[in-house]
Amino acid sequence: MKNIALVVGVSGIAGSNLAKELIAQDWIVYGLARNPKGSIEGVIPVVADLLDTEGLAIALKEITPTHVFFTTWMRQATEAENIIVNATLVRNLLDTLFPKKCVMHVALVTGLKHYLGPFEAYASSGTLPKTPVREEHPRLDLENFYYAQEDEVYAAAERDGFTWSVHRPHTLIGHAVGNLMNMGITLAVNASICKAEGLPMVWPGSEAQWNGVSDVTDVRILAKQLVWAATTPEAANQAFNVTNGDVFRWKWLWEEIANYFEIPFEGYKGGVRPLETVLLSKEKVWQSIVQQYQLQPNTLNTLASPWHTDADLGRPIEVFTDMSKSRKLGFTAYKSTKDSFIELFEQLREEKLIP
């Protein structure tokens, strides 16, 4: 029997790249999104709102997925609201699929906030778990919608009999336009503006992030791990960290990015200098760049998500991960982080998204 995937959040950075990987591996792929943003060749679109149970049931009426990949979330004003809404998204989907008795595996994408707490927690307190973070670290005594989403998957798995996997990437680097959290494109847009204005690329974050060890996750590595865990019996019913497999310090990578764009740079100089504050006033500059280089007519806000980049780079703590668990079970995919960024920048140029 051919595997049938339902990718929930197919228009996002994780979901879109996962869909491409599944298509490449000859899966039947349905892509669910509330507001689809373009089409992916080979993906069967499903338009549905996970908070609308009646509409969801209608949208999934003829679909019997063997594997569900949950890659989306909805940002709310508080973590308490995040918990309510994002747990509901998972529960509504799995409850809708329950009568079909078709699901064999559910994969949930969360992230390193599992170990750090929500943005507000680590941005203010800087409470650091032992690094590198490992999957066996206990949950924090903090509100966290990741935990609520996990609990929905666990409860449904016990009820329905499917296996599950949870995937915890660090900052995702990859291609997706209009994504809520996209550091790679944000840095590319910022560097392009700096170059146009003859300014250095200024480090926006903390001293701990500038000097500390870090890692990131290429979305293509995440996609490969998701498919691997969904089809490897030894990986069933487990959580996995997922990063590129190398580590770096931003004080090295920042210079490498500046060199790619052929602009000077400034490192940490005694305080955080948020990128969001800078980019808020640059829409006119960006539009002049768009016109000069005949780029695709995107607004700055469509491409860049500086709030998320600031949250990551502004952490007052060092964060990196241990990948031993999945390595021992046979997941060996690896990516050079410098290559992740440079390949993304090259793709953005080819698609006329940056000059």
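Step through the residues of the range 77-84 one at a time and calculate ³J(HN,Hα) from phi using the Karplus curve (6.51 cos²θ - 1.76 cosθ + 1.60, θ = phi - 60°), rounding each to whole Hz and writing x for Gly and Pro.
In residue order, the calculated couplings are 5, 10, 5, 4, 5, 4, 4, 4 Hz.
Treat every Asp and Glu Cβ in the chain as -1 and every Lys and Arg Cβ as +1, leave all other atoms uncharged, and give the resulting dipole magnitude about the Cα centre to the nearest 20 debye.
On the way: 32 positive and 41 negative charges, 74 e Å.
Computed charge dipole of the chain: roughly 360 debye.
What is the packing order of peptides 39-48, 301-310, taking the mean over residues of other C-beta atoms within 10 Å and listing the highest first?
Numbers: 39-48: 15.5, 301-310: 20.6.
In descending order of packing, they fall as 301-310, 39-48.
Which value in Å is the Kirkwood Rh of the chain over different Cα pairs?
20.9
Straight-line reach only, C-alpha to C-alpha below 16 angstrom: list the lysines that Lys282 could link to, leaving out same-chain residues fewer than 8 apart.
Leaving aside lysines fewer than 8 places away in the same chain, those within reach of Lys282 are Lys195.
So which aspartates and glutamates can Lys335 reach, going by Cα to Cα under 20 Å and dropping same-chain residues fewer than 8 places off?
Candidates past the 8-residue exclusion: Glu21, Asp215, Asp218, Asp246, Glu255, Glu256, Asp322, Glu343, Glu346.
How do Phe145, Phe320 rank by accessible surface area computed with a 1.4 Å probe, from largest to smallest?
Working: Phe145 5, Phe320 40 Å².
Reading off the accessible areas and sorting them downward yields Phe320, Phe145.
Could you tell me which of rounded, prolate or oblate describes the range 250-293, using a ≥ b ≥ c as the square roots of the eigenvalues of the alpha-carbon gyration tensor, with rounded for a/c under 1.5 and, failing that, prolate when a/b is larger than b/c and oblate otherwise?
Oblate.
Based on alpha-carbon atoms only, what is the radius of gyration of the range 200-303 relative to the globular estimate 2.2 N^0.38 Å? The partial results should precede the final answer.
On the way: Rg = 18.7 Å, N = 104, 2.2 N^0.38 = 12.8 Å.
Working it through for the range 200-303, the quotient is 1.45.
Taking R0 as 45 Å, what's the FRET efficiency between Asn237 and Glu41 from their Cβ-Cβ distance, rounded to 0.05? Each step should come with its number before you reach the end.
On the way: r = 33 Å, r/R0 = 0.74.
The value I calculate is 0.85.
Tell me, what is the per residue accessible area of the range 1-66 in Å², probe radius 1.4 Å? The partial results should precede the final answer.
Details: 3280 Å² over 66 residues.
So the range 1-66 comes to 50 Å² accessible per residue, rounded to a whole number.
Based solely on its DSSP helices, what 222 nm [θ] is calculated for the chain when runs of n ≥ 4 H residues each add -39,500 (n - 2.57) and the sum is averaged over all residues, nearest 500 deg cm²/dmol?
The helix contribution divided over the chain gives -13000 deg cm²/dmol.
Holding the Cα-Cα limit at 27 Å, pick out from Lys113/Lys284; Lys2/Lys224; Lys251/Lys328; Lys113/Lys325; Lys113/Lys338; Lys224/Lys328 the pairs that are longer than that. Walk me through the intermediate numbers first.
Values: Lys113/Lys284 35 Å; Lys2/Lys224 18 Å; Lys251/Lys328 31 Å; Lys113/Lys325 19 Å; Lys113/Lys338 24 Å; Lys224/Lys328 16 Å.
Going by Cα-Cα distance, Lys113/Lys284; Lys251/Lys328 fall outside the 27 Å limit.
Under a 5 Å amide H to amide H cut-off, with H placed in plane at 1.01 Å, what residues pair with Asn3 once short-range neighbours are removed?
Answer set, sorted by chain and number: Ile28.
Order the peptides 10-21, 325-336 from the highest to the lowest mean number of other Cβ atoms within 10 Å of their residues. Could the numbers behind the result be given before it?
On the way: 10-21: 25.5, 325-336: 15.3.
Result, highest mean first: 10-21, 325-336.
In whole percent, what relative contact order does the chain give with Cα contacts below 8 Å and a gap of six or more residues? It would help to have the intermediate numbers written out before the result.
Details: 690 pairs, mean separation 69.0, N = 355.
Contact order relative to length: 19 percent.
Which order do the peptides 159-168, 291-300 take when ranked by the mean count of other beta-carbon atoms within 10 Å per residue, highest first?
Values: 159-168: 19.5, 291-300: 13.8.
Ranked by mean Cβ neighbours within 10 Å, highest first: 159-168, 291-300.
For the range 280-296, what does the Karplus curve 6.51 cos²θ - 1.76 cosθ + 1.60, with θ = phi - 60°, yield as ³J(HN,Hα) per residue in whole Hz, taken in order and with x for Gly and Pro?
4, 9, 10, 4, 5, 4, 4, 5, 5, 5, 4, 5, 4, 9, 6, 7, 4
Ignoring ligands, DNA and RNA, what percent of the 1.4 Å accessible area of the chain is carbon and sulfur? List each step's numbers first, then the result.
On the way: 7830 of 15050 Å².
Solvent-exposed carbon and sulfur of the chain make up 52 percent of the total.
If you bin every alpha carbon distance in the range 91-245 into 10 Å steps from zero, what whole percent lands in each bin?
9, 31, 34, 18, 7, 2, 0
The values are calculated or read from the model by the stated rules, or taken from the named source; none is laboratory data. Since this is a predicted model, take the numbers as computed values, not measurements. Please note: Cβ atoms are built from the backbone with ideal geometry, for glycine as well, and neighbour counts cover all protein chains shown. These area figures cover heavy atoms from the full protein model, side chains too; ligands, DNA and RNA do not enter into them. Shrake-Rupley method; radii C 1.70, N 1.55, O 1.52, S 1.80 Å.
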